[in-house]
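Data block below; observations after.
The values are calculated or read from the model by the stated rules, or taken from the named source; none is laboratory data. All values derive from a computational prediction rather than experimental measurement. Cβ atoms come from the backbone with ideal geometry, glycine included; neighbour counts cover every protein chain shown. Note: areas computed on protein heavy atoms with side chains; ligands, DNA, RNA excluded. Shrake-Rupley method; radii C 1.70, N 1.55, O 1.52, S 1.80 Å.
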Amino acid sequence: MVSVINTVDTSHEDMIHDAQMDYYGTRLATCSSDRSVKIFDVRNGGQILIADLRGHEGPVWQVAWAHPMYGSILASCSYDRKVIIWKEENGTWEKTHEHSGHDSSVNSVCWAPHDYGLILACGSSDGAISLLTYTGEGQWEVKKINNAHTIGCNAVSWAPAVVPGSLIDQPSGQKPNYIKKFASGGCDNLIKLWKEDEDGQWKEDQKLEGHSDWVRDVAWAPSIGLPTSTIASCSQDGRVFIWTCEDTSGNMWSPKLLHKFNDVVWHVSWSITANILAVSGGDNKVTLWKESLDGQWVCISDVNKGQGSVSASATESQQNEQ
């Protein structure tokens with residue numbers, strides 16, 4: 001059974017584009033076409049407005065919380081071509097950095113695993129992806145991947161800081177050899193995987209082809225170090241793919257169609273244990289999917305817009321509705 005446990009009246013004056021809980025699940029950040037970012041305390045089912053952050057000059061598409069080991073830090077990106085990094089100091093939220101190195105809308109922001117330091121990937125409609133790394137003393141270093149996706153980048157998602165297969169193979173006491181990687185999705189219908197080489201430059205590692213229209217979101221699944229790597233993608237074409245790579249070198253990726261929806265699919269999001277995928281689309285529904293023992297993905301719930309409580313059975317009729 002899936003049920004709505006809390007509804008937050010944000011008082012945004014226009015469409016809400018993103019909502020993200022912080023690491024501890026105590027605060028909710030939202031952003032909207034009204035150009036604002038809001039932060040709420042949602043402990044114990046409450047909803048207290050903590051901050052109303054103004055600084056963007058266009059619709060704000062996405063927000064992302066940094067890991068709490070770096071303090072209370074939130075990134076936001078907007079149609080105004082800017083990325084703003086906000087920080088809470090002594091209970092007050094302030095703009096700590098503004099990145100204006102893109103020539104078009106910035107559509108996606110994603111913090112790297114905290115093991116790598118404070119690094120933010122930003123994907124833009126200008127086709128570029130920029131990587132902002134905090135170097136201390138209030139300074140941010142910028143690296144840019146130009147022409148990452150022709151006509152634009154819609155989504156970025158980091159690979160977990162876990163070496164595939166390390167749960168089984170890792171010699172104890174040996175520091176793992178992390179290779180920074182992330183995935184991006186674009187208006188060229190492609191998912192691309194990027195990795196940092198030895199001299200700190202970002203190179204295209206893989207190109208995953210399967211969608212027939214703009215890729216709207218990509219989500220690299222969390223990992224505990226099993227050999228398989230997994231990425232979910234969704235598209236304007238209504239399809240959601242689960243991409244898996246069985247070899248630890250990360251070279252051979254194979255897609256499996258999770259479902260073909262009747263409308264655009266905007267977002268995909270993994271549960272923290274990576275066994276459930278949430279999918280939201282233009283049909284105003286959020287569906288939850290789980291891989292069955294025979295390798296098929298089944299819908300385990302269907303949360304309709306405005307519905308309080310729904311059955312969590314993966315029935316045939318329910319799947320036909322989608």
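State yes or no: is SER72 over 30 Å from VAL162 (Cβ atoms) and either surrounded by fewer than 16 Cβ atoms within 10 Å (Cβ to Cβ) or touching a residue at least 12 places away in the same chain (Cβ under 8 Å) (or both)? Against the criterion (over 30 Å from VAL162 (Cβ atoms) and either surrounded by fewer than 16 Cβ atoms within 10 Å (Cβ to Cβ) or touching a residue at least 12 places away in the same chain (Cβ under 8 Å) (or both)), SER72 does not qualify.
Here's the yes/no breakdown for (1) in a loop (DSSP other than H, G, I, E, B); (2) open to solvent by less than 40 Å² (accessible area, probe 1.4 Å); (3) among the hydroxyl-bearing types (Ser, Thr, Tyr):
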| residue | (1), (2), (3) |
| --- | --- |
| THR150 | yes, no, yes |
| ALA161 | yes, yes, no |
| ILE191 | no, yes, no |
| ASP199 | yes, no, no |
| HIS211 | yes, yes, no |
| GLY225 | yes, yes, no |
| THR230 | no, yes, yes |
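Within segment 82-104, work out how many residues are modelled with pLDDT of 95 or more and either open to solvent by less than 10 Å² (accessible area, probe 1.4 Å) or not polar (S, T, N, Q) (or both).
Residues in segment 82-104 being modelled with pLDDT of 95 or more and either open to solvent by less than 10 Å² (accessible area, probe 1.4 Å) or not polar (S, T, N, Q) (or both): 15 in total.
The condition of being more than 20 Å from TRP158 (Cβ to Cβ), surrounded by 14 or more Cβ atoms within 10 Å (Cβ to Cβ) and either modelled with pLDDT of 95 or more or out of contact with any Cys (no Cβ under 8 Å at 6 or more places or on another chain) (or both) does not hold for VAL63.
In the condition set (1) at pLDDT 50 or above; (2) exposed (fewer than 11 other Cβ atoms within 10 Å of the Cβ); (3) not hydroxyl-bearing (Ser, Thr, Tyr), CYS299 is compliant with all but (2).
So which residues in segment 40-74 are among the basic types (Lys, Arg) and part of a strand (DSSP E or B)? The answer is ARG54, and nothing else. ASP294 is checked against (1) touching an Asp or Glu at 6+ places or on another chain (Cβ under 7 Å); (2) loosely packed, with under 15 Cβ neighbours inside 10 Å; (3) not small (Gly, Ala, Ser) and fails just one. What number does that condition carry? Status for ASP294: all satisfied but (1). Residues of segment 211-260 that are farther than 26 Å from GLY165 by Cβ and charged (D, E, K, R): ASP213, ARG216, ASP217, ASP237, ARG239, LYS260. Residues in segment 260-275 that are assigned to a strand (DSSP E or B) and within 20 Å of the chain's Cα centre (by Cα): VAL265, TRP266, HIS267, VAL268, SER269, TRP270.
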